[in-house]
Amino acid sequence: MAQAVTATPAALEVISRLEAAHGPLVFHQSGGCCDGTSPMCLREGELPPGPGDVHLGDVGDVPFYIDADQYERWGRPEFVIDVAPGAADSFSLEGTVQVHFVTHTP
Amino acid sequence: MELKERYDNFIGGEWIAPTTREYRENLTPATGQPFCEVAHSAPADIELALDAAHAAKDAWGSRSPAERAAVLDAVADAIEENLEMLAVAESYENGKPVRETINADIPLAVDHFRYFADAARAEEGRISEIDDQTYAYHFHEPLGVVGQIIPFNFPLLMAAWKIAPALAAGNCTVLKPASPTPWSILKLAEVVGDIVPAGVLNIVNGPGAEIGRALASNKRIAKIAFTGETVTGRLIMSYAAQNLIPSTTELGGKSPNIFFEDVMAADDAFLDKAIEGLVLYAFNKGEVCTCPSRALIHESIYDGFMARCLERIRAIKQGHPLDIATMIGAQVSTAQLEKIEGYVKIGREEGAEVLIGGERPSLGAELDGGYYYEPTVLKGHNKMRVFQEEIFGPVLAVTTFRDEAEALEIANDTLYGLGAGVWTRDGSRAFRMGRAIKAGRVWTNCYHQYPAHAAFGGYKSSGVGRENHRMMLEHYSQTKCLLVSYDPNPLGFF
């Protein structure tokens, strides 16, 4: 069975840079307004997963969570975390290095 | 319009360089070209702004309601006097058509300050008579210093929605604009900077992960207000929980716009209005939390009604946002543009039919560097991802329904509940539907109207709290109860 979540080499490279700068990390898949539907990369412990979150897997050694209802509504896709140039407008850490993570669902 | 090379933070009534001494290029979505630089601040700059706000809060909080109202009215007048300049700034930085900013964004911002000036003066406490010798007097007192995080889609109007009630209730604010749109709010500060007392309004620009977090999690704010996406909404609420302060969050939606068969009962002004009501998904290039992004059309009128709507969509003029004839401009950033393209691809893959659009247009010359996307309509069904996820672009997902019960079921089959539209000539049905839809705002035979004095906010995952109504004064106030006994006699316990 394919892994529920993976990352491209470029995304893994940014993740390791952010880990070096900020310590252990966590991903939460977002939804809704503005920069919704982006994967948010936060410091571990910044937003402890709640009872409604599903742990889909790890990218590198970073756990990836999504809201269970959202996961169902999206049809349980496979997620590939990639990176694109330019900072997005969010609390996600990669904005500090002028890139933004994106979620592909092949 | 005056355009400087670089813009500092606005703190304590002064223009202050960021402690980092760093600036970032600010682009216009119209061409993708940079046009100025804006402060790239650090958490230390948030602390400076909080210092200024705390220094100002006692004097501002003790001003009489009439004095505070006079300041808000003067802000409204100054914005009105500079309406065209601010409309152009807003359009150029965000990519939205200038005809929208001239006729909607800026006039609404003006009215918002006037509304809260009046509301603050009309505010009164309540007295509860506990018994004939015991009375509870309730007073509103300012919270003190609040933090406010503004989205990129209506930078000036959303700032007005947040600043006006906060200041009217006697608070000072530290504002963090959205990273793609840091500049138009600074043009607003140039216009109103001498009117608002120093330290009452402070604006700090920089990355959300650093200064947004430094503001939202700060122990020196008494409330945090946020508009944006769901994970940051959860973050904001968890920071507020850790500091035991209130928060308001507005987190978007996937709003249904429902057209019953009697819409087509006559070919008249009402039908014309309903057609425009569907096409309003392209307003502000779809970058609206309440974008009517799901159209539900009764199956008996689908072919005829949709044909009329597609004709109207084909007539949308796309171009440079500053061209007064332009009806749809550019998306705010390449990130948004990529997201829209990604969703249209997902829609095609899951079997949605592209009725119109679905591509990036070629507008020629300098505009080819801009972030444009054609107004697009996808036909499918409500279980598709393009019906469930907020695209935040000019992409409409359309489907049909058999009867009122099915329309309601589809309308409510979403994680969100911010806006909805109901179009019918049957007043009873409009009322039934309006009450049954789980959304904070149900436009009935209209859409995308945002007058002050009409509460706005979400059900379900669309956030917690309301804006745009005088009830906001309570959200930005403490309630003080003086419980007074006029009875000379002791209780008798001891």
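The values are calculated or read from the model by the stated rules, or taken from the named source; none is laboratory data. Keep in mind that this is a model prediction, so the values were computed, not measured. Backbone-built Cβ (ideal geometry, glycine too); neighbour counts: all protein chains shown.
Of the strands (runs of 3 or more DSSP E) lying entirely inside the range A:1-62, those carrying at least 2 residues that are buried (at least 21 other Cβ atoms within 10 Å of the Cβ) are A:5-7, A:25-29, A:39-43.
Suppose we filter A:Thr6, A:Thr37 for residues that are more than 10 Å from chain B (Cβ to nearest Cβ), under 11 Å from the mean Cα position of the chain (by Cα) and touching a residue at least 24 places away in the same chain (Cβ under 8 Å); which single one remains? Before the answer, list the steps.
On the way: A:Thr37 fails: more than 10 Å from chain B (Cβ to nearest Cβ).
It is A:Thr6.
Residues in the range A:40-65 that are more than 9 Å from chain B (Cβ to nearest Cβ) and touching a Ser or Thr at 6+ places or on another chain (Cβ under 9 Å): A:Gly57, A:Val59, A:Gly60.
Taking the range B:206-247 only, how many residues are charged (D, E, K, R) and within 14 Å of chain A (Cβ to nearest Cβ)? Give the derivation first.
Taking the range B:206-247 first, the residues charged (D, E, K, R) are B:210, B:213, B:219-220, B:223, B:229, B:234.
Of the ones still in play, those that are also within 14 Å of chain A (Cβ to nearest Cβ) are B:210, B:213, B:229, B:234.
Adding up the residues that qualify gives 4.
So that you can scan it fast, the table gives a plain yes or no per residue for (1) over 28 Å from B:Asp105 (Cα atoms); (2) surrounded by fewer than 18 Cβ atoms within 10 Å (Cβ to Cβ); (3) in contact with a helix residue (DSSP H, G or I) (Cβ under 8 Å, 6 or more places away or on another chain); (4) among the β-branched types (Val, Ile, Thr):
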residue	(1), (2), (3), (4)
B:Leu418	no, no, no, no
B:Phe431	yes, yes, no, no
B:Ile437	no, no, yes, yes
B:Arg470	no, no, yes, no
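Filtered by the rule that a residue be within 27 Å of B:Trp60 (Cα to Cα), out of contact with any Ser or Thr (no Cβ under 9 Å at 6 or more places or on another chain), surrounded by 14 or more Cβ atoms within 10 Å (Cβ to Cβ) and of a type outside the set (A, V, I, L, M, F, W, C), the range B:450-468 gives a lone residue, B:Asn468. Taking the range B:1-102 as the region of interest, the strands (runs of 3 or more DSSP E) fully inside it that hold 2 or more residues being over 24 Å from B:Val196 (Cα atoms) are B:23-27, B:34-39.
Within the range B:388-415, being touching a Lys or Arg at 6+ places or on another chain (Cβ under 6 Å), closer than 26 Å to B:Ile328 by Cα and buried (at least 23 other Cβ atoms within 10 Å of the Cβ) holds for B:Glu390, B:Pro394, B:Ala397, B:Val398. Out of B:Gly342, B:Gly427, B:Gly351, B:Gly421, one residue alone is under 21 Å from B:Cys309 (Cβ atoms) and either of a type outside the set (A, V, I, L, M, F, W, C) or at pLDDT below 95 (or both). It is B:Gly421.
Among the residues of the range B:198-210, is any out of contact with any strand residue (DSSP E or B) (no Cβ under 9 Å at 6 or more places or on another chain) and polar (S, T, N, Q)? Show your work before the answer.
Let us first name the residues in the range B:198-210 that are out of contact with any strand residue (DSSP E or B) (no Cβ under 9 Å at 6 or more places or on another chain), namely B:210.
Checking the rest, the ones that are also polar (S, T, N, Q) come to none.
No: the range B:198-210 contains no residue that is out of contact with any strand residue (DSSP E or B) (no Cβ under 9 Å at 6 or more places or on another chain) and polar (S, T, N, Q).
To keep it simple, each residue is scored yes or no on (1) crowded, with 24+ Cβ neighbours inside 10 Å; (2) out of contact with any strand residue (DSSP E or B) (no Cβ under 7 Å at 6 or more places or on another chain); (3) over 22 Å from B:Ala168 (Cα atoms).
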| residue | (1), (2), (3) |
| --- | --- |
| B:Pro34 | no, no, yes |
| B:Ala42 | no, yes, yes |
| B:His54 | no, no, no |
| B:Ser91 | yes, yes, yes |
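Inspect all residues belonging to the range B:332-348 and state whether any of them is more than 14 Å from chain A (Cβ to nearest Cβ), crowded, with 20+ Cβ neighbours inside 10 Å, among the hydroxyl-bearing types (Ser, Thr, Tyr) and over 26 Å from B:Met264 (Cα atoms). No, because not a single residue in the range B:332-348 is more than 14 Å from chain A (Cβ to nearest Cβ), crowded, with 20+ Cβ neighbours inside 10 Å, among the hydroxyl-bearing types (Ser, Thr, Tyr) and over 26 Å from B:Met264 (Cα atoms). The residues in the range A:66-85 that are surrounded by fewer than 14 Cβ atoms within 10 Å (Cβ to Cβ) and at the interface with another protein chain (Cβ under 8 Å from one of its Cβ atoms) can be counted, and the count is 2.
Would you confirm whether any residue within the range B:460-476 is assigned to a strand (DSSP E or B), in contact with a Lys or Arg (Cβ under 8 Å, 6 or more places away or on another chain) and under 25 Å from B:Phe260 (Cβ atoms)?
Applying the first criterion (assigned to a strand (DSSP E or B)) to the range B:460-476 yields B:460, B:463-464, B:467.
With in contact with a Lys or Arg (Cβ under 8 Å, 6 or more places away or on another chain) added as a condition, the list becomes B:460, B:467.
Within this subset, residues satisfying the condition of being under 25 Å from B:Phe260 (Cβ atoms) are B:460.
Yes: one or more hits.
Within the range B:307-321, the set of residues being β-branched (Val, Ile, Thr) and not in a helix (DSSP H, G or I) comprises just one member, B:Ile316. When we screen B:Ala436, B:Ala455 for residues that are more than 22 Å from B:Lys273 (Cα to Cα), in contact with a His (Cβ under 6 Å, 6 or more places away or on another chain) and away from chain A (no Cβ under 14 Å), the only hit is B:Ala455.
Within the range B:357-392, the residues that satisfy the criterion of being more than 18 Å from B:Ala411 (Cβ to Cβ), small (Gly, Ala, Ser) and assigned to a loop (DSSP other than H, G, I, E, B) are B:Gly357, B:Gly358, B:Ser362, B:Gly364, B:Gly370.
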